[in-house]
Structures are given as C-alpha cells and as structure tokens.
Amino acid sequence: MIVFNARSTWTIYKREVMRAMRTAMQSILAPVLTTTLYFVVFGAAIGSKMDSGMAGVNYGAFIVPGLLLLTLLSESTSNGSFGIYMPRFTGAIYELLSAPVGVAETLIGFVGAAATKSLILAAIILVTATFFVDYTIAHPFYALGFILLVSASFSLLGFILGIWADSFEKLGIVPVLFIIPLTFLGGTFYSIDLLPEPWRSVAMANPVVYLVNGLRWCFYGSSDFPIGLSLGMTLGFLALCVAIIAWIFRTGWRLRA
Amino acid sequence: MEPILEISGLTKTYAGGFTALLGVDLTINKGEIFALLGPNGAGKTTLIGAVCGQVRPTGGTMRAFGQDMSHGWRSLRARIGLVPQELATDMFETVLHSVNYSRGLFGLAPDPARIEEILRALSLWDKRKAQIRALSGGMKRRVLIAKALAHEPDLLFLDEPTAGVDVELRRDMWAQIAKLRDRGTTIILTTHYIEEAEEMADRVGIIQGGRIRMVEDTRSLMKRLGRTEAHISLATPLATVPEALADYHLTLGNGGQELLYRGGDGSGGGKAKVAQLTKDLVALGIDYTAIDIRESSLEDIFVDLLEGEAA
Ligand SMILES: Nc1ncnc2c1ncn2[C@@H]1O[C@H](COP(=O)(O)OP(=O)(O)OP(=O)(O)O)[C@@H](O)[C@H]1O
Ligand SMILES: [Mg+2]
C-alpha cells in the first residue's frame, strides 16, 4: 500500500515553482521596490537623523529584520493562497482530487513551492539592503532556519486562506487587513520596550512581535525577549496550521462537494 | 464477466440539502464501454465525482478492482482516469507540460515516448508547445483526454467527451475510444449524443432524478424496443386498409393518403417487412408516390422511457 508518493509531491512542487517563475518579474520586482522605498525613507533619510539608533544598533540596520518579515509574511501568505485558490476557482482542482495524493503530498508540493519563492525573495531583499544600510548577521545559520520556518508557516496560513476564500476579495483582504497591521504594530520599526504600559502588554498579544524579535536576535544577537520563546511561538503556529489543514483534507471542507 | 467497479446503495445529498443520488446500484464489467445517459441534472457528474474524489458520498459503498474504495484508495485511484465535463485546467501551461504533469501527479516516471504516442493519437502533437488557452474548444477537450490517459488508467471516465467536438473529429474520437477498449481499458462515458452510445457502448444505463432507471445491453435494448417506421404516400387515397394487408397491422393517416407501418425490432427485421409490403402493394395495384422509412434510435427509446416515467 502506498502511504506517501514522492514523485507526485515532486511533480506538484516543480509545477508550482514553474508557475511562480512565469510571473517572476511582478512577484519579485514589486516587493523589492517596496522594500527599497522603506530603506530610503526610514533607513537612509529618517535613520540618519537618529544619532542614538535603537537597541544599540544603527536605525537603518535595526529595521532590516522587520522589513524582511513584513515582505516575507505578506508574500508567503499570498503565494500560499493563490497556489490553491486558482485551481479551485477554475475547476482544475478536479485533477488533484482524482489523483492518488493526500494531505502530505499536496502540502509539501504547494507550500514548499510558496516557501521556496519566499526564500528567493528574502535573499534578494537582503542583497538589496546592503546598498542602503550596513548590517551584519550575527547568527546566519539561525537566521536561515528562522526565515525558512516563517516562510513555511505563513505559506501554510496562505494555503488555509486559499481554501477558505470564495472570492478574490476575500483572498486579498487578509494580508491587507491582518498581516500588514500586525507587522507594523509588531515592532518592525521600533523596539517593543519603547512602548509605555499598558500598550506594551497589549503588543505582547500580537504574534508577529515574537517573529520580529526572533529574527532581530538572529541578526543582532540581542532582542526584547528570549529567542526560545520566539521559536516556540513560531513552531506552535506552524503546528496549528498543519493541524487545520489535516482537518480540511479529512473532511474535504471546501475541496470536495 | 469480471466486475471492475461495483457501486451499491450510493447516495449523495449536497450541503444545500439537495439529494442528487438516491441509492445508485451499478456494476461495470471489465473491458466494456458503458454509456450513462440521462437528462441535465440527472446525477451523472455527481456519480462520477463520487468515484473519482470530487464528491463525498453520503452513503453506500464502492468497490473498484475488487477492493473497497474506502481502504487503499490511493492505489485504486492511481488506476482510474477522469476527463471532466468542464474545460478546467491551467490555461497558461503548454500542452506538453500539462500532460507530463498529469503523469507525474499520478506517481509515474516520465515516459516521453508514451506521451508522444498519446498526443499523436489525439492530433495534438503539433500543438504540444502551444499554451492551452491558445487552442480551440475541441482541442482543449482533447488535451483533457490526453491528461487523463497520461497515467495509463485501467478504468476511464469520460464526462461528455465529445461536447463541442466537430462531427468528423467525433468519429475520430470514437475510433480512439474503441482502440483504448481494445487495449483493455474499461470506459464509462456520459453523453447527450445518443448515437454515440448506440455506436460505441456495449451497455447503456439510464439515470434520471438520481436513480438508475435501466441498464441493458445496447444491442438487446435496440432489439427489444427498436422499431421500424415506414410512411407510404399513396397516389390515390384509401378509405380502409385492404383485407389482404391485415398481417402488417397498418394504419391509415392524413385523410387516407398515407399508409403507416410500425413494427419489427432493432435488428432490421422491420425493413424486410417493409420491402415485402411494397411488393404486395404493387401486386394489389395500389400505387404510391413516396416511401419514408426510418429506424427508431436509442434516442426515441430514451425519450419514450422518460416520458413513460413522467406519465
Ligand atoms: N456542488 C453542488 N452543490 C449542490 N448541488 C449540486 C452540486 N453539484 C450538482 N448539484 C445538483 O445535483 C444535481 C445533479 O447534478 P449533476 O451535475 O450530477 O447532473 P448531470 O447528470 O451531470 O447533468 P448534465 O447532463 O447537465 O451534466 C443537479 O440538480 C445539480 O443542481
Ligand atoms: Mg454532468
């Protein structure tokens, strides 16, 4: 009895990556342009007027992890959602449903491809950043792992979104309505410690705070709270998404009539 | 005969509360071409979806290749192919990519020679590098067929395979389908072209309102319910049917200007009767100006059956 179909998985993954490459220009150019603007405005222009920097780091460099996350979260979510939403929308999903593939093949194929695209994007953004600010990465190995984890988690979230959405409006609204505000409020441009109480405690309820902190630790070796907490929160989020998707596949919710 | 698919008591009630299948029992034999006929909304696509994974049945059991489909569904699904009713696929992909993808998705190693053979058989080889959206409707449908054949299924579902395909190509596709059967593929197709079923199917099933109304061997159905109808226009009207022709059970129509024969079976016996009738008319000195003769088709039978149900 077959329990996992490696070739099917690879086929899905390869096709999704290829599909992403068809629109490579838009999907890479747009976020790179946005990030560049942030660096120019916040890093170079405003940052140069802040002599003290933040958390002991030059302000331009300080915002690199936050900006990277801002792009990673919204891009992973939208890539993850489009990959599964489109075949649902066109009806092409019939083929996937008729194939001998289950939740593992589908997830690794679709989410793996979305996460791959995010990783490529992260690399491009980090290279772009070097043109505007000086930064170093204290723990490159952890940084890679953390970026990978975040990309995978939010591609999974996107996948759920792509199955839930029944219109393009719903598909577009989650990144705009939730991800971007949560990232902005999650300490992308400032240290949470700067917030007065009770706002600091309120901010702690924002899951993105832990992501920004985790990545900032990878970059600068210091953060508002321990890396273990960030890692734990991210892993927990990933596990939650996988559990939801496993449930979706078991019940066929919004996939099978 | 060895069954390849056994469906029993299959029911499907959609989320909105509509029941599309009300206890379908159907057995498909290995190696046959089975035509599923029925009006719009009868439940044909729902039935196919239940076997192929697009629809979650609400009751009943399905066995394929002798095994319960709820266990080991992966290895069973790997041997089933589906050509959907709707033209739904990634339109920006090229034909070759799309067909190769289908093969890989079903877990098979690439086989360029086999794919070429499939594309050539469907007259798509010249279009292999074209984006699917740049093809005509009939070509798109053939791409979907190629995709379904890419993993060499033993059991193939064709949901209206020839909708939107021109007459010449349709004949071509019938030949392709017959070839598949010769290779040992079992085929279940739905169609609204009754001649298609008549031409190709070993057996036909009629579904209506979520119930299978009848399943029968195509030839014996034609024989049992088939009729020959001959309209003979007379040179001079008759008041009554001559006594000498009583055996033919003729009726007079159109103010005595037309003799109507209805009889025989689907095996052509009726035509011979009509030939004999014309000789008898000549012998009796009854002149006629035209003869219109036709065999009733599966379509007439189908319409009769459904009207009979409605009445
Ligand atoms: N996803 C769905 N949700 C609710 N009802 C559905 C759904 N799909 C089909 N139905 C209903 O189930 C019934 C059977 O539909 P089905 O598509 O199986 O018919 P069909 O025999 O294939 O018809 P056609 O010849 O038009 O293709 C119809 O009344 C249809 O409205
Ligand atoms: Mg249908």
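The values are calculated or read from the model by the stated rules, or taken from the named source; none is laboratory data. Keep in mind that what you see is a predicted model, and the values were worked out from it rather than measured. Glycine gets a Cβ as well: all are built from the backbone with ideal geometry, and neighbour counts include every protein chain shown. Areas reflect the complete protein model, heavy atoms only, side chains present, ligands, DNA and RNA absent. Shrake-Rupley method; radii C 1.70, N 1.55, O 1.52, S 1.80 Å.
Residue-by-condition table, conditions (1) open to solvent by less than 10 Å² (accessible area, probe 1.4 Å); (2) within 12 Å of the chain's Cα centre (by Cα):
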site: A:I63; (1), (2): yes, no
site: A:L72; (1), (2): yes, yes
site: A:I93; (1), (2): no, no
site: A:L97; (1), (2): no, no
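With respect to the conditions (1) open to solvent by 50 Å² or more (accessible area, probe 1.4 Å); (2) within 13 Å of another protein chain (Cβ to nearest Cβ), B:R171 falls short on a single one, namely (2).
Residue-by-condition table, conditions (1) within 13 Å of B:K273 (Cα to Cα); (2) exposed (fewer than 11 other Cβ atoms within 10 Å of the Cβ):
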{"residue": "B:S220", "(1), (2)": "no, no"}
{"residue": "B:K223", "(1), (2)": "no, no"}
{"residue": "B:A230", "(1), (2)": "yes, no"}
{"residue": "B:L234", "(1), (2)": "no, no"}
{"residue": "B:P237", "(1), (2)": "no, no"}
{"residue": "B:P242", "(1), (2)": "no, no"}
{"residue": "B:D247", "(1), (2)": "yes, yes"}
{"residue": "B:E258", "(1), (2)": "no, no"}
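When the test is whether a residue is in contact with a Leu (Cβ under 7 Å, 6 or more places away or on another chain), under 30 Å from A:A92 (Cβ atoms), surrounded by fewer than 17 Cβ atoms within 10 Å (Cβ to Cβ) and within 14 Å of another protein chain (Cβ to nearest Cβ), A:R256 passes it. Taking the criterion of being in contact (Cβ under 8 Å) with a residue 60 or more places away in the chain and more than 10 Å from ligand 1 (Cβ to nearest atom), the residues of the range B:45-56 that qualify are B:V51, B:C52.
A Cβ distance below 8 Å, combined with a sequence gap of six or more or placement on separate chains, defines the contacts here; from the range A:215-227, residues that are under 13 Å from A:D193 (Cα atoms) reach residues that are open to solvent by 40 Å² or more (accessible area, probe 1.4 Å) and in a helix (DSSP H, G or I) in the pairs A:S223/A:W217; A:D224/A:D193. Put simply, of B:G210, B:G270, B:G264 the only residue that is in contact (Cβ under 8 Å) with a residue 60 or more places away in the chain and buried (at least 20 other Cβ atoms within 10 Å of the Cβ) is B:G210.
On the basis of being away from ligand 2 (no atom under 16 Å from the Cβ), outside any loop (DSSP other than H, G, I, E, B) and charged (D, E, K, R), does B:R120 make the cut? Yes: the conditions hold for B:R120. Looking only at residues in the range B:106-137 that are small (G, A, S) and surrounded by 17 or more Cβ atoms within 10 Å (Cβ to Cβ), the one that is farthest from the other protein chains (Cβ to nearest Cβ) is B:A121. Candidates B:G104, B:G138, B:G81, B:G38: the one that is over 21 Å from A:L255 (Cα atoms), away from ligand 1 (no atom under 16 Å from the Cβ) and within 27 Å of the chain's Cα centre (by Cα) is B:G138. The set of residues in the range B:273-282 that are touching a residue at least 12 places away in the same chain (Cβ under 8 Å) and either open to solvent by 70 Å² or more (accessible area, probe 1.4 Å) or closer than 29 Å to B:E216 by Cα (or both) comprises B:K273, B:V274.
Considering only the range B:89-98, I want to know if a residue exists there that is open to solvent by less than 10 Å² (accessible area, probe 1.4 Å) and modelled with pLDDT of 95 or more. Checking the range B:89-98: at least one residue is open to solvent by less than 10 Å² (accessible area, probe 1.4 Å) and modelled with pLDDT of 95 or more. Quick check, is A:S8 more than 12 Å from chain B (Cβ to nearest Cβ) and either open to solvent by 50 Å² or more (accessible area, probe 1.4 Å) or in contact with a Leu (Cβ under 7 Å, 6 or more places away or on another chain) (or both)? So A:S8 fails the test.
The set of residues from the range A:133-192 being open to solvent by less than 50 Å² (accessible area, probe 1.4 Å), of a type in the set (F, W, Y) and part of a helix (DSSP H, G or I) comprises A:F146, A:F154, A:F159.
Where helices (runs of 4 or more DSSP H) fall entirely within the range B:1-112, those with at least 3 residues that are within 16 Å of ligand 2 (Cβ to nearest atom) are at B:44-52.
Just so you know, in the range B:2-22 the residues that are within 13 Å of B:G60 (Cα to Cα) and surrounded by 15 or more Cβ atoms within 10 Å (Cβ to Cβ) include one that is nearest to the other protein chains (Cβ to nearest Cβ), and it is B:K12. Taken over the range A:89-136, the criterion of being within 14 Å of chain B (Cβ to nearest Cβ), closer than 19 Å to A:S151 by Cβ and among the hydrophobic types (A, V, I, L, M, F, W, C) is satisfied by A:A104, A:I108, A:F110, A:A113. A count restricted to the range A:228-243 and to residues that are under 18 Å from the mean Cα position of the chain (by Cα) and either in contact (Cβ under 8 Å) with a residue 12 or more places away in the chain or within 14 Å of another protein chain (Cβ to nearest Cβ) (or both) stands at 9.
Exactly one residue out of B:A230, B:A197, B:A175, B:A201 is within 16 Å of ligand 1 (Cβ to nearest atom) and not charged (D, E, K, R): that is B:A197.
Scanning the range B:37-49 for residues that are at pLDDT 95 or above and over 19 Å from B:T61 (Cβ atoms) returns B:K44, B:T45. Residue count for the range B:57-88 under the criterion of being open to solvent by 10 Å² or more (accessible area, probe 1.4 Å), within 12 Å of chain A (Cβ to nearest Cβ) and in contact (Cβ under 8 Å) with a residue 24 or more places away in the chain: the result is 9.
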